[in-house]
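Asker: Take a look at this one; I'll ask things after.
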Amino acid sequence: MTTTAGSTPAAGAPLGPYAGTARLDARRRSLELDALSGGGAVDLLVIGGGVTGAGVALDAASRGLRTVLVESRDLAFGTSRWSSKLVHGGLRYLASGRIGVARESAVERGVLMTATAPHLVRALPQLVPLLPELLSPAQAALVRVGFHAGDALRFGARTPGAVLPRMRRVDAARARRLAPALKAQGLRGALVAHDGQLVDDARLVVALARTAAQYGATVLTRVRAEEVTGGSARLTDTLTGQSLTLAAHAVVNATGVWAGEVDPSIRLRPSRGTHLILDAAALGHPVAALTVPVPGSTSRFVFALPQQLGRVAVGLTDEDAPGPIPDEPVPTDAEIDFLLDTVNGALQTALTRADVRGAFAGLRPLIDTGGGSTADISRRHAVLESPSGVITVVGGKLTTYRRMAEDAVDTAVRLRGLPARTCWTARLPLVGAPAHRDSRPVPAATPASLAARYGGESREVLAVGEALVPAAADRIAEGIDVTRAEIAYAVTREGALDASDVLDRRTRIGLVAEDAERTRAAVEEIVAECRKAQGGAA
């Protein structure tokens, strides 16, 4: 049934047993869609369920604004799940003279690691091998200066050394313990600095969305926004085809590379970043990110990054990606060869395509500034108001999502006179963070991988799983350290609506197609059982 929301301030309020909870599930989705159909304008409509949109929703809801977030697919469906999972301190931007961006990155990294999501971010050693064929003495000196500058950024951001250790030089034996696949011949040791690394980028997005829901935001996936203006949008439930027109005092477009489809006045120049997925065993199970200079460049590197699920991601590229925006960008053969060739320059035994278990590519939503390489385009974000009144936030990067969200909500408050409190997300812990009100001590018997992904929610994950599925603490399949309980939790607490949501965005099993296929039947069975327990709500 098609309806039009009125002007009474009822929409967007949390409902019944969900009030004040971070629980996202099919039943809540159904109830909140019905509530929106019943009429009522909201303060802020956010379009886009990536890290920026989820950050905007949390910022607005925590300030007391009646907030609705809609995402046409699933949380973290786009660029937010295709990153390197690094929480950068801004060193690369400092090297190119972008001091403001570098400082902002360092500050936001510190916020994530000490206040908002310390359970999801760890200090990752970044190791630059001192191999004569990779680095001349002058280049090594330049890297050393850069790493010391990174230490200065950390100090300026007031991030403790206990959280991010200082730069140091290690000998060849220590370098090969950190990155066992390194060449031995000619190795003079390595320079080691530290940066932040997310256990999973999509998990950060889900945590943001769930925390926003706990503060009263309505979070709706599989809901498409059309006919968007500065004061309303046509919302269609893609599962049922039903639609409504929602009035909002402000509308924020946070759709990333799709921003121009919502607001035609926006001009972007997407850049494709590609990563390869390998078994960690292929590189000797490294504990540091091997950092290999790109030949001919003084500021670009290829990384071999340890990941969850026993994998290593090798990336990344920075290539122009003109044309229509695909749902899932595809790496090119040239990019795959470039990554392998570059990283092989530092390895004792060369990697081949046979070692590649999977690959993915993401599109950076860079603001079009004209000609030149996409690698030279600023990563600074912008908040723009279109002629229709839509407020669009574009550019930026994952690390600075919180600042982007703050600026977007500040703009909406200023332009529309919204009655909002001051932003306080820099000290607002996300679900699972040690300081979050619902967090509990992690039981000693909890699998380490589960604890790394859920932090203070680990006890609840296991309890929910034990109540819904048999053998909840068992792995979903041999060799994949994801428990059956996590599948149940994804459906009943994290808003996953089908097996693809679970495989591709809640657990990341889907990064390797072979793993996805051998776990799909078991995942589908658990999803069906959990949906049945929920009454089959759409």
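Asker: I'd like to know which of L428, F338, A471 lies farthest towards the positive end of the charge dipole of the chain, counting +1 on Cβ of Lys and Arg and -1 on Cβ of Asp and Glu.
Answerer: Farthest towards the positive pole: L428.
Asker: How fast does the range 246-396 diffuse by Stokes-Einstein, in µm²/s, taking the Kirkwood radius from C-alpha pairs at 25 °C and 0.890 mPa s?
Answerer: The diffusion coefficient I find is 143 µm²/s.
Asker: Let me check against my output: what whole-number percent is the relative contact order of the chain, with C-alpha pairs under 8 Å and at least 6 apart?
Answerer: That works out to 20 percent.
Asker: Further, regarding this structure: If we count other beta carbons within 10 Å of each Cβ, what is the order of M404, M113, fewest first?
Answerer: By the 10 Å Cβ count, ascending: M113, M404.
Asker: While we're looking at this one, here's another question. Show the residues, 5+ positions off or on another chain, whose built amide H is closer than 5 Å to the amide H of V390.
Answerer: Placed amide hydrogens put G230 under 5 Å from V390.
Asker: For R380 and A350, what does the FRET efficiency come to when R0 = 45 Å and r is the distance between their Cβ atoms, rounded to the nearest 0.05?
Answerer: 0.75
Asker: How large is the dipole of the range 448-533 about the Cα centre if only Lys and Arg carry +1 and Asp and Glu carry -1, each at its Cβ, rounded to the nearest 20 debye?
Answerer: So the dipole magnitude of the range 448-533 works out to roughly 200 debye.
Asker: Over all distinct Cα pairs, what is the inverse of the mean 1/r for the range 15-148, reported as the Kirkwood hydrodynamic radius in Å?
Answerer: 18.7 Å
Asker: Hey, another quick one. Amide H of V482 versus every other amide H placed in the peptide plane: which residues, excluding those fewer than 5 positions away on the same chain, fall under 5 Å?
Answerer: I476, A477
Asker: I've got another one for you. When the convex hull of the Cα atoms of the range 448-533 is projected onto a plane and the area is averaged over all directions, what value comes out in nm²?
Answerer: Hull-based average projected area comes out at 4.9 nm².
Asker: For Q126, what residues show an amide H to amide H distance below 5 Å, using hydrogens built from the backbone and excluding near sequence neighbours?
Answerer: Those lying under 5 Å, H to H, from Q126 are A193, H194, D195, A289.
Asker: Additional query: For the range 19-45, list residues with backbone N below 12 Å from a point placed 7 Å from the Cα of Q242 toward its Cβ?
Answerer: Answer for the range 19-45: 29-39.
Asker: About the Cα centre, and with charges only on the beta carbon of Lys, Arg (+1) and Asp, Glu (-1), how big is the dipole of the chain? Nearest 20 debye, please.
Answerer: In debye, rounded to 20, the chain gives about 1860.
Asker: Starting with the highest mean, order 149-158, 469-478, 251-260 by the number of other Cβ atoms within 10 Å, averaged over the residues of each peptide.
Answerer: Output ranking for 149-158, 469-478, 251-260: 251-260, 149-158, 469-478.
Asker: What does the helix-only formula give at 222 nm for the chain: each DSSP H stretch with n ≥ 4 adding -39500 (n - 2.57), the total divided by the residues, and the result rounded to the nearest 500 deg cm²/dmol?
Answerer: Dividing the helical sum by the residues of the chain leaves -9500 deg cm²/dmol.
Asker: Just the C-alpha atoms of the range 19-97: what Rg/Rh do they give, with Rh taken as the Kirkwood radius?
Answerer: Checking Rg against Rh, the ratio lands at 1.09.
Asker: Which whole-percent values make up P(r) of the chain when all C-alpha to C-alpha distances are grouped in 20 Å steps starting at zero?
Answerer: The calculated distribution, bin by bin, is 23, 57, 20, 1.
Asker: Roughly how large, in nm² to one decimal, is the mean projection of the convex hull of the alpha-carbon atoms in the range 400-512?
Answerer: Mean projected area of the Cα convex hull: 9.5 nm².
Asker: Right, here's the next one. So if R0 is 60 Å, what FRET efficiency would Q139 and E227 give, r being the distance between their Cβ atoms, rounded to the nearest 0.05?
Answerer: 0.65
Asker: Ranked highest first by average number of other Cβ atoms within 10 Å, how do 336-345, 315-324 line up?
Answerer: Per-residue mean Cβ counts within 10 Å order the peptides as 336-345, 315-324.
Asker: Something else now. Can you work out the Karplus-derived ³J(HN,Hα) for every residue in the range 524-535? Use 6.51 cos²θ - 1.76 cosθ + 1.60 with θ = phi - 60°, whole Hz, and x for glycine or proline.
Answerer: Here the 3J(HN,Hα) series is 4, 5, 5, 4, 4, 5, 5, 5, 4, 5, 7, x Hz.
Asker: To the nearest Å, what is the center-to-center distance of the range 449-526 and the range 45-62, using C-alpha atoms only?
Answerer: 25 Å
Asker: Report the Cα centroid-to-centroid distance between the range 222-263 and the range 166-194 in angstrom, as an integer.
Answerer: Cα centres, the range 222-263 to the range 166-194: 51 Å.
Laboratory data are not the source of any read-out in this text; all were calculated from the coordinates shown. These figures come from a predicted structure and were not determined experimentally. As a convention, Cβ positions derive from the backbone with ideal geometry for all residues, glycine included, and neighbour counts pool all protein chains shown.
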